Amino acid sequence: MKYTGKKVVAILLAICAVALVFAGGKKDVGAKKSGSQPVRNFSYEKSGELSKGAATTGNSAVISVAATSDMHGRIYPWEYAVDSPDNDAGFALTDTVVQQIQSQYPNTLLIDIGDNMQDNSAEIFLDMDTHPMIQAMNFLGYDVWVPGNHEFNFGLDFLERNISNFDGRVVCSNIKYADSGKSYVLPYQIYTIDGIRVAVVGSTAPHVSTWEASAPDHFQNLAFTDPIKSLQETVKEIQGKYDILVAAVHISRQGEYEEEGKTGAFQIAEAVPELDVIFAGHEHATYCEKVNDTWVLEPGKYGSHVAFATFNMQKENGKWKVANVEAQNIPTNNIAASKRVLDMFKWVDDASKENANTVVGKITANFIPDGTDYITGKDNVTTMPRAQIEDTALMDLINIVQQHYAKSDISTAALFNFDQTLKAGDFKRKDVAFIYKYDNTLMGVNITGKNLLAYMEWTVGYYQTAKEGDVTIAFDPNFRAYNYDMLSGINYEIDISKPVGQRITNATIKGKPIDMNATYKMAVNNYRFGTLMSYGWATQKDVYFDSYNEMPLSATVRDLIVKYTQENLNGNLSPTCDHNWKIVGLPSSFNDPATIAKIRSGEITIPTSSDGRTPNVEAVRIQ
């Protein structure tokens, strides 16, 4: 549904949504239901070919396609978790680029590749009939939307309402109904642009059922199939019906988990050679490469770039052929924001800033007084994040809250933002979002000592094995930082001189060694529960607490942090740290003063992963 209501109506809707959040009464849009559930009957009604522009009369033409991905709640160029500008984010910036493209190619096909209704205060608008991010895409004339994995975070009622209200076409070939095998949305969409047929095929990350394992109703009766197989089947189905074939996939370059190196965007390029261009998302990376003579590109995150491709077409014997394809990512950094977007969605910005600045308590002292960067001591991580090198009051706070509400023996939590900290002063909702980025919920899981240790060994695989001569501790570039967890309620050491799988030492709970046959209660977020399920360390039967069911008005970990601060700490947050874990097995060269000085001065820089998402991926050697 395109946003066409009067501004006053929109503002009232936003205020109502925000008021519900302030009151702790946010609608539980994705809550579980007990007992058996009827098979869903959602039917995506849109279908049929579409046209843009009049047919070209000559024998040559240029067709263009532009794409965004992983916008994550960003319309204005503003980061509400820190309440400051973000000069390469938001539809207001991507629209400026798109308008420049459209001035030359007015019939440009515009695609979004998913993950747009989560993060950056997007959750305060969940109760609206059409989420502001979908309103923005309608306003900007997006033709295609491919759902990302985060689109499933808030339940199918929410998602399907927004799918129905999106003016363009929703395309994804590898989401099927489990009972019938029929497509959930369109597997493809064909457009005739200037008389030339352009087919768009889509797919999304196939691990949604793992990530949403704690809330099966978020994917009830849905199967997420092999994206390569689904794309191959779809391309075969439309053979002869297109002149240009474009894929839009919410999938990383190399795939993930057991599918790594098998079902990524690069493997799709190899397995489906008919594709002329693949627009990718999900990885939050910026790249543009040719694989198997097919351009594969991703426009980063939040609107930092617009992916853009042009197709030079030639008519031969009455048929259009692709003569050449050019692709690039166009940056948005520091360009002028689109006035039409700023004007239309000012109410979203106003509501988000009001929510972000609501005071929920007081912070009595800095939680990481020595700085979030372990080497420089600054609160901007450029070397090693302190919270992943040593225990901190910040991670202990999250685990204390989780242990309290899950009534668990132990708790586990990850660092979602390398710079996250709390400083003395007012404790605001934006601070809660800053220290806990995602809308995860809390679960209590029974886990055996054997599986607990197996899980711990897996998560500390984040560290590379230390060698003599190393001055710093390095992280595995292929191990996402959000998969490295720190535990409370258990004392343990991580010996990084040993190989992966043999690192946890001196692990005790309440002063006793872990009993491999005993069962312990562990607090985890719903995402990590999916990990435990996927490795066989826990099952649905092991769940004894789920905040979705038992605390529907305070279901998220963010909500619980606020609730605990106000109800258990009288609104006053003070840093405490039990130092229950530490890294051992460090070489004698660790923290060599002369080398550390060169790192601090900038003479030596520590590499990050190729996609920029993992810092410190190579140990600095003694100089």
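The values are calculated or read from the model by the stated rules, or taken from the named source; none is laboratory data. All of these numbers come straight from a predicted model, not from anything done at the bench. FYI the Cβ positions are ideal-geometry reconstructions off the backbone, even for glycines, and counts take in every protein chain you see. Just so you know, the surface numbers come from the protein's heavy atoms only, side chains and all, with ligands and any DNA or RNA stripped out. Shrake-Rupley method; radii C 1.70, N 1.55, O 1.52, S 1.80 Å.
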Once the stretch 223-295 is represented by equal point scatterers at the alpha-carbon sites, with solvent omitted, what log10 I(q)/I(0) does the Debye formula produce at q = 0.26 Å⁻¹? -1.32
For helix 91-104, what angle does its Cα long axis make with the longest principal axis of the chain, in degrees from 0 to 90 and rounded to 10? 20
Express in Å², to the nearest 10, the accessible area of K521 obtained by rolling a 1.4 Å probe over the protein heavy atoms while all chains stay in place. 70
Over the heavy atoms of I599, what accessible area does a 1.4 Å probe trace out, to the nearest 10 Å²? 10
Once the Cα atoms of helix 156-165 and of the chain are each reduced to a long axis, what angle between those two axes, in degrees from 0 to 90 to the nearest 10, is obtained? 30
Computed FRET efficiency, Cβ-Cβ of S610 and D293, R0 30 Å: what is it to the nearest 0.05? 0.85
What FRET efficiency comes out for A424 versus I622 if R0 is 35 angstrom and r is the Cβ-Cβ distance? Round to the nearest 0.05. 0.40
Sorted by accessible area (1.4 Å probe), largest first, how do D226, D143 line up? D226, D143
Want the number for K598 to N568: 0.36 nm per residue separation, take away the alpha-carbon distance, what's left? 6.3 nm
Two decimals is fine: what's Rg over Rh for the chain, C-alpha atoms, Kirkwood radius as Rh? 0.97
What is the spread of the Cα atoms of the stretch 483-623 along each of their three principal axes, largest first, in whole Å? 55, 40, 34
Accessible area per residue of the stretch 289-427 at 1.4 Å probe, in Å²? 39
With the charge dipole of the chain built from beta-carbon charges (+1 for Lys and Arg, -1 for Asp and Glu) about the Cα centre, the Cα from L222, I368, A507 projecting farthest to the positive end belongs to L222
Where a label projected 7 Å from the Cα of S47 along Cα→Cβ would reach, residues of the stretch 178-212 with amide N under 15 Å: 181-190
Taking a 1.4 Å probe, which of W581, W78 shows the most accessible area, and what order do the others take after it? W78, W581
Nearest 5 percent is fine: what portion of the DSSP beta bridges confined to the stretch 110-233 is antiparallel? 65
In nm, give the distance between the simple-model label positions of T192 and Q540, each being 7 Å from the Cα along the Cα-to-Cβ direction. 4.8
Would you kindly compute the Cα radius of gyration of the stretch 42-201 and its largest Cα-Cα separation (Dmax), both in Å? 16.7, 53
Please report, as a whole percent, how much of the solvent-accessible surface of the stretch 506-623 comes from carbon and sulfur atoms (probe radius 1.4 Å). 48
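If each residue of separation counts as 0.36 nm, what is the full-extension length gain between H404 and D379 once their alpha-carbon separation is subtracted?
Using 0.36 nm per residue and subtracting the Cα-Cα distance, I get 6.1 nm.
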Ignoring ligands, DNA and RNA, what percent of the accessible area of the stretch 152-296 is carbon or sulfur (1.4 Å)? 45
Those trypsin sites (Lys or Arg not before Pro) from the stretch 280-381 that are DSSP loop and have at most 11 other Cβ neighbours within 10 Å turn out to be none
Restricting things to alpha carbons, find the Rg to Rh ratio for the stretch 286-354 using the Kirkwood radius for Rh. 1.20
Rounded to the nearest 5, what % of the DSSP beta bridges within the chain are antiparallel ones? 65
Can you give the accessible area of T608, probe radius 1.4 Å, in Å² rounded to 10? 80
Accessible-area ranking of D70, D578, D83, largest first, probe 1.4 Å: D578, D83, D70
Give the angle, between 0 and 90 degrees and rounded to the nearest 10, that separates the Cα long axis of helix 393-406 from the longest principal axis of the Cα atoms of the chain. 90
Spin-label proximity, M516 to the stretch 417-452 - amide N less than 18 Å from point 7 Å beyond Cα toward beta carbon: 447-452
